[in-house]
Amino acid sequence: MNAYAGRKAVITGGTHGMGLAIAKSLIAGGAEVLVTGRNEKNIEEAKAALGVDAHVVRSDAADLVAIDALAKTVEERLGRFDHLFVNAGTAVLEPLQHVTEETYDRQFGINTKGAFFVVQRLVPLINEGGSIVFTSSIADHGGTPAMSVYSGSKAALISFSQVFAAELLPRNIRVNAIGPGFIDTPSMGVPGLSDEEKAGFMALGDEITPMKRHGQVEEAARAALYLAFDATFTTGARLPVDGGLGQGLSYPQQ
Ligand SMILES: NC(=O)c1ccc[n+]([C@@H]2O[C@H](COP(=O)([O-])OP(=O)(O)OC[C@H]3O[C@@H](n4cnc5c(N)ncnc54)[C@H](OP(=O)(O)O)[C@@H]3O)[C@@H](O)[C@H]2O)c1
């Protein structure tokens, strides 16, 4: 019940979806949690969902000034902390010819540049023996059409996680990543989809995923929490949470 008592955690992009599920599990286990988000309505809903003891902070994951301010806020509210979940992310589905500088910069700004600098600015506050978990994606490798920019942004994230894992060995801070496949979240990882587009995206996921279903946010959260807390001899690793989709499995023919 109190598996996380005495631990402190920061989750970027924790106001809904997988980040919120991680925050809920941590709070249920007795941890002190600070989550970030950007949209005011989602921030208010997260406050209601997480309760009065959670710290819910508005901070744009792509903005260096905001990341510096976040570091100050974390220090004021938590002091030093133990676990950082770098989860905020976005995707735009568009083939090569439709990519614009704006959509390129938006995806790399949040998924890659923001992820890099939030670690750089917060890592001095992480206690020895702590951990960092990135939320990458099944698309961080392979060739998924219409996801070139998103895939590149997440592939860079995996590179960061491995180099950070090496650089943080002397401080005994482990760094790992989860690689989600199709997970049922408000955005399915692609904000702005219409209800119809989201249903189609989910149906595609259910069809092509070897386990023939999409994942739940709690399943992604459990994988992230395993890496953060239980995987004490694992660093620089990427754990797929994708129903077998990235493992080249085929569904048995009847
Ligand atoms: N769902 C999937 O199937 C899937 C698959 C693979 C990977 N992923 C990755 O998993 C992570 C979580 O995805 P999700 O599906 O749980 O997403 P989600 O439900 O859309 O939640 C994303 C979270 O990130 C926050 N966020 C987005 N842009 C932000 C910004 N610029 N600054 C601060 N916060 C920001 C959102 O807050 P606001 O609403 O306030 O912006 C929200 O709290 C992402 O990195 C995504 O790329 C998702």
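The values are calculated or read from the model by the stated rules, or taken from the named source; none is laboratory data. Since this is a predicted model, take the numbers as computed values, not measurements. A quick note on method: Cβ atoms are made from the backbone with ideal geometry, for glycine too, and the neighbour counts reach across all protein chains shown.
If the condition is being of a type in the set (S, T, N, Q), in contact (Cβ under 8 Å) with a residue 60 or more places away in the chain and not in a helix (DSSP H, G or I), then segment 146-186 contributes 176, 185.
Scan segment 116-145 for residues that are surrounded by 17 or more Cβ atoms within 10 Å (Cβ to Cβ) and either without any contact (Cβ under 8 Å) to a residue 12 or more places away in the chain or more than 17 Å from residue 235 (Cα to Cα) (or both) and the total you get is 9.
Whenever a residue of segment 32-43 is among the hydrophobic types (A, V, I, L, M, F, W, C), its partners that are in a helix (DSSP H, G or I) and within 6 Å of the ligand (Cβ to nearest atom), lying with C-beta atoms within less than 7 angstrom and at least six residues away or across chains, give the pairs 35/19. Going by the structure shown, is residue 88 small (Gly, Ala, Ser), assigned to a helix (DSSP H, G or I), within 11 Å of the ligand (Cβ to nearest atom) and under 14 Å from the mean Cα position of the chain (by Cα)? Spelling it out, it is not the case that residue 88 is small (Gly, Ala, Ser), assigned to a helix (DSSP H, G or I), within 11 Å of the ligand (Cβ to nearest atom) and under 14 Å from the mean Cα position of the chain (by Cα).
Residues are listed down the side, and each one gets a yes or a no for (1) modelled with pLDDT under 95; (2) basic (Lys, Arg):
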{"site": "144", "(1), (2)": "yes, no"}
{"site": "157", "(1), (2)": "no, no"}
{"site": "180", "(1), (2)": "no, no"}
{"site": "207", "(1), (2)": "no, no"}
{"site": "213", "(1), (2)": "no, yes"}
{"site": "221", "(1), (2)": "no, no"}
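Check off (1) away from the ligand (no atom under 16 Å from the Cβ); (2) small (Gly, Ala, Ser); (3) out of contact with any Asp or Glu (no Cβ under 8 Å at 6 or more places or on another chain) for residue 129 and give me the number that stays unchecked. Here residue 129 clears every test but (3).
Per the listing 205, 192, the residue uniquely within 13 Å of the ligand (Cβ to nearest atom), surrounded by fewer than 23 Cβ atoms within 10 Å (Cβ to Cβ) and closer than 20 Å to residue 220 by Cβ is 205.
Taking the conditions (1) in contact (Cβ under 8 Å) with a residue 24 or more places away in the chain; (2) assigned to a loop (DSSP other than H, G, I, E, B); (3) buried (at least 18 other Cβ atoms within 10 Å of the Cβ) in turn, residue 110 satisfies each one other than (2). Once segment 210-228 is narrowed to residues that are within 13 Å of the ligand (Cβ to nearest atom) and of a type in the set (D, E, K, R), the residue that is surrounded by the most Cβ atoms within 10 Å (Cβ to Cβ) is 219. If you take the residues of segment 159-189 that are within 10 Å of the ligand (Cβ to nearest atom) and at positive phi, which of them is surrounded by the fewest Cβ atoms within 10 Å (Cβ to Cβ)? Within segment 159-189, the match that is surrounded by the fewest Cβ atoms within 10 Å (Cβ to Cβ) is 188.
No other residue among 21, 71 is under 21 Å from residue 118 (Cα atoms), among the aliphatic types (A, V, I, L, M) and within 14 Å of the ligand (Cβ to nearest atom) apart from 21.
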